[in-house]
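Enquirer: Take this structure, written in structure tokens, and hold onto it; I'll ask about it next.
Just so it is clear, none of the values below were taken in a lab; they were calculated from the coordinates. Quick caveat, the model's predicted, so the values are computed rather than measured. Positions of Cβ are backbone-derived with ideal geometry, glycine not excepted, and every protein chain shown enters the neighbour counts.
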Amino acid sequence: MSVGTGGGGRGGRGRRGRRNTLMSEINVTPFVDVMLVLLIIFMVAAPLLTVGVPIDLPETQARPMNSDTQPITVSVNDKGQVYLQETEIGVDEVVPRLEAIAQTGYEERIYVRGDKTADYGTVMQVMARISAAGYKNLGLVTLQEQDQ
């Protein structure tokens, strides 16, 4: 009887020779798994990034503006309620609140979002107060008009 060295007829190399070879295949499964998880996270988070006050904006043919910073948003809904970002405030509180949160002073970009069924006078009253306070970068937000 002879005791083998595990060579299996290969001159004593056996399994040791196969362990030291480099694996030339790339395993992309973990990369794909991570990318799918990130895709799902962005798909869920993207709708949450919009301003939370539900307003039915009018449609126009105006082109979108390019902006590097997040503007301050003042919204007027169909009931005449005024919101600064997502917080409901009174019409008289608009200017003091803007002065408190404006980081670049009177050069801050302010967007006014008015529901298309909102009272025109309320929207104009809000815009007049903001303009009278000295804010120059004031804009109206609308939806892009769809071709029918």
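Enquirer: Check which residues have an amide H placed less than 5 Å from VAL112's amide H, if you skip close sequence neighbours.
Expert: Long-range HN contacts for VAL112: VAL74, GLY139, LEU140, VAL141.
Enquirer: Continuing with the same structure: Using θ = phi - 60° and the Karplus curve 6.51 cos²θ - 1.76 cosθ + 1.60, what whole-Hz ³J(HN,Hα) does each residue of segment 108-115 get, with Gly and Pro shown as x?
Expert: Each residue of segment 108-115 in turn: 5, 7, 10, 9, 9, 10, x, 4 Hz.
Enquirer: Would you tally the net charge around ASP119, using a Cβ to Cβ cut-off of less than 12 Å, leaving ASP119 out, and scoring K and R as +1, D and E as -1? Can you show the working numbers first?
Expert: On the way: positive: LYS79, LYS116; negative: ASP78, ASP115.
Taking every Cβ under 12 Å from that of ASP119, the sum is 0.
Enquirer: Within 14 Å, Cβ to Cβ, of VAL74, how many net charges do the neighbouring residues add up to if Lys/Arg are +1 and Asp/Glu are -1? Let's see the in-between values first.
Expert: Numbers: positive: ARG97, ARG109, ARG113, ARG129; negative: GLU86, GLU88, ASP92, GLU93, GLU99, GLU108, ASP115.
It works out to a net charge of -3.
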